[in-house]
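Structure, as structure tokens:
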Ligand SMILES: [Fe+2]
């Protein structure tokens, strides 16, 4: 496709979660960003998402609501009953379904999709997703009625040769509020690369807006590819400039639920040794310019896993054609 034909697509993307400064010349335009394009997208999307969260806040306890709005995260220890967690842990540790692997720096991440189809044979995992308050928390934090995409995830620190894991640099995932959550099945200590979050960094303070404005002027030319593509990277000096507090490491015991707004600045903590951590991981990213929390339900949930499956298949086929490793390749039972 030549550039002329792509112009309507690039313009349309301004009203979506598209974030790449380097792939969309309008989003990345230094001239338009000098006139405030990036900052306007930030302000509108944050206003819309905040409204959507309030629309779904009614069933959420005051304490959880306050924590999410104040810190950017919710932590709930002993989330499941002892018996339910024991059953879930057993099922998760003996999981036999399809597992995919990504390699980032010296970290391997293994993920198994927990679609309704997969859950047919996993009663304890299925029970977690029928937990009403869990769903309500996820909807509230994502500002959307659609369920997050859920996976069984094992992070394997220092399991391969490579440079530094890019997830271990402070960054935000999106320019707008979006959510990720973990129900930890392993205890998480400093040695297992704990999720690390800068409290309050999900807020659009004046200092943060100024920093984002400056960043947007040359982000498209950044040497860090992830930064140029909108997963903005932050140095320790940047955090000081924005006036943020010390980061918090989520060293937690198993059966702790952590829900985070990943516009907030975070990273995977450094691991002091070869180590793994297992969790149920959820991810929800929706269009932040639609002023309603959308639709949810069984059918929409099934559809999103169906489309995820198609997308994964297409990526696998493209990688095979090029003779390269698929970024999320299916692994054999002996590689788990
Ligand atoms: Fe991230």
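Remarks
- Test set (1) away from the ligand (no atom under 15 Å from the Cβ); (2) crowded, with 19+ Cβ neighbours inside 10 Å; (3) within 18 Å of the chain's Cα centre (by Cα); (4) not in a loop (DSSP other than H, G, I, E, B) - residue 308 fails condition number: (2)
- Only residues that are within 13 Å of the ligand (Cβ to nearest atom) and either in contact with a helix residue (DSSP H, G or I) (Cβ under 8 Å, 6 or more places away or on another chain) or under 21 Å from residue 79 (Cβ atoms) (or both) were counted in segment 154-166, giving 2.
- Only one of 200, 193 that is within 16 Å of the ligand (Cβ to nearest atom) and at positive phi: 193
- Residue ID - nearest to residue 116 (Cα to Cα), chosen from residues in segment 270-296 that are more than 16 Å from the ligand (Cβ to nearest atom), buried (at least 18 other Cβ atoms within 10 Å of the Cβ) and under 18 Å from the mean Cα position of the chain (by Cα): 280
- If the condition is being in a helix (DSSP H, G or I) and at pLDDT below 95, then segment 178-224 contributes 190, 191, 192.
- Residue match in segment 57-79 (condition: out of contact with any strand residue (DSSP E or B) (no Cβ under 9 Å at 6 or more places or on another chain), in a helix (DSSP H, G or I), in contact (Cβ under 8 Å) with a residue 24 or more places away in the chain and surrounded by 17 or more Cβ atoms within 10 Å (Cβ to Cβ)): no
- Beta carbons closer than 8 Å, at least 6 apart along the sequence or on distinct chains, pair a first residue in segment 220-235 that is on the phi > 0 side of the Ramachandran plot with a second that is modelled with pLDDT of 95 or more and within 12 Å of the ligand (Cβ to nearest atom) for 230/174.
- Annotation note: of 217, 239, the sole residue that is within 16 Å of the ligand (Cβ to nearest atom), in contact (Cβ under 8 Å) with a residue 12 or more places away in the chain and over 17 Å from the mean Cα position of the chain (by Cα) is 239.
- Filter pass, residue 261 being touching a residue at least 12 places away in the same chain (Cβ under 8 Å) and more than 28 Å from residue 194 (Cα to Cα): no
- On inspection, residue 299 passes the criterion of being free of Cβ contacts under 8 Å to residues at least 24 places away in the same chain and either crowded, with 17+ Cβ neighbours inside 10 Å or away from the ligand (no atom under 16 Å from the Cβ) (or both).
- Positions within segment 154-166 being surrounded by 21 or more Cβ atoms within 10 Å (Cβ to Cβ) and in a loop (DSSP other than H, G, I, E, B), in sequence order: 165
- For residue 101, the test of being within 23 Å of the chain's Cα centre (by Cα), modelled with pLDDT of 95 or more and not in a helix (DSSP H, G or I) is passed.
- Looking only at segment 220-234, and only at residues there that are surrounded by fewer than 18 Cβ atoms within 10 Å (Cβ to Cβ) and away from the ligand (no atom under 16 Å from the Cβ), the one that is nearest to residue 23 (Cα to Cα): 221
The rows are residues; the columns are (1) surrounded by fewer than 19 Cβ atoms within 10 Å (Cβ to Cβ); (2) away from the ligand (no atom under 16 Å from the Cβ); (3) under 30 Å from residue 239 (Cβ atoms).
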{"position": "120", "(1), (2), (3)": "yes, yes, no"}
{"position": "127", "(1), (2), (3)": "yes, yes, no"}
{"position": "130", "(1), (2), (3)": "yes, yes, no"}
{"position": "147", "(1), (2), (3)": "no, yes, no"}
{"position": "152", "(1), (2), (3)": "no, yes, no"}
{"position": "168", "(1), (2), (3)": "no, no, yes"}
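- Within segment 170-186, the set of residues being more than 25 Å from residue 63 (Cβ to Cβ) and more than 16 Å from the ligand (Cβ to nearest atom) comprises just one member, 186.
- Residues (in a loop (DSSP other than H, G, I, E, B), within 19 Å of residue 186 (Cβ to Cβ) and within 15 Å of the ligand (Cβ to nearest atom)) located in segment 243-269: 250, 269
The values are calculated or read from the model by the stated rules, or taken from the named source; none is laboratory data. Computed from a predicted structure; not experimentally measured. Quick reminder, even Gly has a Cβ in these numbers, built from the backbone with ideal geometry, and neighbours come from all protein chains shown.
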